[in-house]
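Asks: Have a look at the structure that comes next, please.
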Amino acid sequence: MICLLYAHPYPDRSRANRALLAGVRDLPGLDLRPLYDLYPDFDIDVEAEQRALTRARVIVLQHPFYWYGVPGLMKHYFDKVLQLGWAYGTPKKALQGKTCLWVTTTGAPTSGYASDGIHRLPFAEFVPAIEQTARFCGMRWAEPVTVFGAQRIEDEELQESATLYRERLQQLARG
C-alpha cells in the first residue's frame, strides 16, 4: 500500500504536478490524500490520517517546493499528525521501517541551484529538513524525485519524469 500525501494549494496551476499524479493515479494500492481538497480549512482529521499512514508501506510526500520547504498545509500536517508517542518517541514509532519518498517540483531550473544561481546553493542543501522529518519518525529515506523548472519543462521531459516516478513507486511497493 502506498499513501500519497499531495499538498498543492493551487493544483490547477501546476501542469507538472498534474502530470506526475496522472502517471501514478492508477497504481494498485495507492491511497491518494489530496490535503488541500480534504482540509481546505486546515482542520486535519488526525485519526484518519494516522490510520492511512499506518496502512501504508510507502509514504509519498508530493508537493511544490515552496520557500525552501513544504507548503503550509503539509507543515501543519506534520505538526498535527506526526505526534510524540505515535510517530516518534515512546511508546512506539508507528512509521518505523516504512519507506518515505519525497517528490517535489521547483520553479527554478537546476542552474538556479548553483553558487551563481538565483538560490545560491545546490538543491541538496535544502533536502536535510525534509529527510530528517522522515528519519526522525524511523522511516527509510528513498532518493527523491525532483522536477526542476516545472513551469517551463518540455512535455517530453515532463512525461519522462512521470514515468520515472511511476517506476520508482512500483519498485518501492515491491519492497
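The values are calculated or read from the model by the stated rules, or taken from the named source; none is laboratory data. If you're wondering where the values come from, they're calculated on a predicted model, not measured in any experiment. Glycine also receives a Cβ, built like all others from the backbone with ideal geometry; neighbour counts cover every protein chain displayed. With ligands, DNA and RNA removed, areas are computed over all heavy atoms of the protein, side chains included. Shrake-Rupley method; radii C 1.70, N 1.55, O 1.52, S 1.80 Å.
Asks: Within the range 118-142, can you find the residues that are of a type outside the set (A, V, I, L, M), within 27 Å of P28 (Cβ to Cβ) and out of contact with any Phe, Trp or Tyr (no Cβ under 9 Å at 6 or more places or on another chain)?
Replies: R140
Asks: Would you confirm whether any residue within the range 106-114 is polar (S, T, N, Q), more than 21 Å from Y6 (Cβ to Cβ) and within 18 Å of the chain's Cα centre (by Cα)?
Replies: no
Asks: Does W86 count as in contact with a strand residue (DSSP E or B) (Cβ under 7 Å, 6 or more places away or on another chain), crowded, with 18+ Cβ neighbours inside 10 Å, among the aromatic types (F, W, Y) and within 25 Å of G138 (Cα to Cα)?
Replies: No.
Asks: Restricting the search to the range 128-158, which residues are charged (D, E, K, R) and assigned to a strand (DSSP E or B)?
Replies: Answer for the range 128-158, where residues must be charged (D, E, K, R) and assigned to a strand (DSSP E or B): just R140.
Asks: Right, next: Being within 27 Å of G23 (Cβ to Cβ), assigned to a helix (DSSP H, G or I) and free of Cβ contacts under 8 Å to residues at least 40 places away in the same chain, is that true of even one residue in the range 80-102?
Replies: Yes, the range 80-102 contains a residue that is within 27 Å of G23 (Cβ to Cβ), assigned to a helix (DSSP H, G or I) and free of Cβ contacts under 8 Å to residues at least 40 places away in the same chain.
Asks: Mind checking which residues of the range 96-155 are among the hydroxyl-bearing types (S, T, Y) and open to solvent by 30 Å² or more (accessible area, probe 1.4 Å)?
Replies: T110, S111, S115, T133, T146
Asks: Among the numbered conditions (1) open to solvent by 30 Å² or more (accessible area, probe 1.4 Å); (2) on the phi < 0 side of the Ramachandran plot, tell me where F42 comes up short.
Replies: The number of the failed condition is (2).
Asks: Among the residues of the range 156-175, which ones are open to solvent by less than 30 Å² (accessible area, probe 1.4 Å) and either free of Cβ contacts under 8 Å to residues at least 12 places away in the same chain or out of contact with any Lys or Arg (no Cβ under 8 Å at 6 or more places or on another chain) (or both)?
Replies: S161, A162, Y165, L169
Asks: In addition: Just checking, does the range 106-127 include any residue being over 22 Å from N17 (Cα atoms) and not in a loop (DSSP other than H, G, I, E, B)?
Replies: yes
Asks: If only one of R18, R33, R57 is touching a residue at least 40 places away in the same chain (Cβ under 8 Å), within 23 Å of L172 (Cβ to Cβ), charged (D, E, K, R) and open to solvent by 20 Å² or more (accessible area, probe 1.4 Å), which one is it?
Replies: R57 is the lone residue from the list that is touching a residue at least 40 places away in the same chain (Cβ under 8 Å), within 23 Å of L172 (Cβ to Cβ), charged (D, E, K, R) and open to solvent by 20 Å² or more (accessible area, probe 1.4 Å).
Asks: Scan the range 94-141 for residues that are of a type in the set (D, E) and modelled with pLDDT of 95 or more and jot them down.
Replies: Passing the criteria: only E131.
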